[in-house]
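Written out below as structure tokens is the structure these notes cover.
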Amino acid sequence: MTAVKEIQNHLEERFPLRLAEDWDNTGLLIGRSKAEVRRMMTCLTITVASAIEAIDRHVDLIVSHHPLPFRATKKLTDDSAAGRLMLDLIENQIAVYSPHTSFDSAATGINQQFAEGLGLTRIAPLRPDSVEPNIGAARYGDLPDSIDLSELERRVMSSLSISKIRTVGVGEVPIHRVAVACGSAGEFLEDARRLGCQAFVTGETSFHTCLEAEATNVALLLPGHYATERFAVVRLADELKNSYPNIEIWASDNEADPIQSRDLT
């Protein structure tokens, strides 16, 4: 029998919880640590669609990148969307584990995978961990050869298997050092600029961060929050299959990016 606690320990060895941001909510968030796991699903976010999938397929454990609950909860009722989701999962005895920002920052975490996918070399964290400086928040690295912004856009889209990207450009400035931070991480723009990056790739950010990037001549590429993280939970499912061949494991089939581009012309 494989218990929730065994998988929790495995995940926390790979993605140490001390790497999580202070504001984050990580670890085992719902469920009993001694419960048996026969079916496990990974997903980016627990939504109505992914929760229904987990219930219909009799999942015992969901490993969700984004936490549920995300913020401190004073009451658990069906008055809120999050409350309804948690009650549905509890009633169906489904545990929830979230690595979130510890997954982002770990040695083999999302940002490391993201940087490697773009072909960066000499990869290092934008904000090193105080204990292990070779890991930490976000990443930056160098390209083997300088490229222009259009080529970087193509590489990002190819790496993340997307067809559209939003960009704050810097003309024809050669790009040889690039920073990456998955999700919504505009707060790393100044770190990227300080470390000599000509471009910074993050999922989404504010309008004012876009203006700051333009003013400081750093190209800002925004492929979308979903795109910069979903690929990693798919890979995580495959990796967990290898570690736990006795458990049925998959990445959510029903999960989708809630933001859709529409052409009304």
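The values are calculated or read from the model by the stated rules, or taken from the named source; none is laboratory data. All values reported here derive from a predicted model rather than from experimental measurement. We place every Cβ from the backbone using ideal geometry, glycine too, and count neighbours over all the protein chains shown. Remember, those area values only see protein heavy atoms, side chains included, never the ligands or the DNA or RNA. Shrake-Rupley method; radii C 1.70, N 1.55, O 1.52, S 1.80 Å.
Exactly one residue out of 160, 143 is farther than 30 Å from residue 3 by Cα, among the aliphatic types (A, V, I, L, M) and within 21 Å of the chain's Cα centre (by Cα): that is 160.
Screening residue 231 with (1) of a type in the set (A, V, I, L, M, F, W, C); (2) at pLDDT below 95; (3) within 21 Å of residue 105 (Cβ to Cβ) gives one miss only, at (2). For the range 70-102, a residue qualifies if it is acidic (Asp, Glu) and touching a Leu at 6+ places or on another chain (Cβ under 7 Å), and exactly one does: 78. When the range 52-68 is filtered for residues that are touching a residue at least 40 places away in the same chain (Cβ under 8 Å) and over 15 Å from the mean Cα position of the chain (by Cα), the ones remaining, listed by number, are 52, 53, 54, 60, 61. Restricting the range 48-71 to residues that are at pLDDT 95 or above and either assigned to a loop (DSSP other than H, G, I, E, B) or in contact with a His (Cβ under 7 Å, 6 or more places away or on another chain) (or both), the residue that is most open to solvent (accessible area, probe 1.4 Å) is 58. Out of 89, 126, one residue alone is hydrophobic (A, V, I, L, M, F, W, C) and either under 20 Å from residue 188 (Cα atoms) or surrounded by fewer than 21 Cβ atoms within 10 Å (Cβ to Cβ) (or both). It is 126.
The set of residues in the range 166-183 that are open to solvent by less than 40 Å² (accessible area, probe 1.4 Å) and either assigned to a strand (DSSP E or B) or at pLDDT 95 or above (or both) comprises 168, 175, 178, 179, 180, 181, 182, 183. Consider the range 102-115 and keep the residues that are touching a strand residue (DSSP E or B) at 6+ places or on another chain (Cβ under 8 Å) and of a type in the set (S, T, N, Q). The one that is most open to solvent (accessible area, probe 1.4 Å) is 112. Of the strands (runs of 3 or more DSSP E) lying entirely inside the range 77-159, those carrying at least 1 residues that are within 16 Å of residue 197 (Cα to Cα) and not β-branched (Val, Ile, Thr) are 121-124, 139-147.
For the range 212-265, a residue qualifies if it is surrounded by 15 or more Cβ atoms within 10 Å (Cβ to Cβ), of a type in the set (A, V, I, L, M), out of contact with any Leu (no Cβ under 8 Å at 6 or more places or on another chain) and under 26 Å from residue 176 (Cα atoms), and the qualifying residues are 222, 232.
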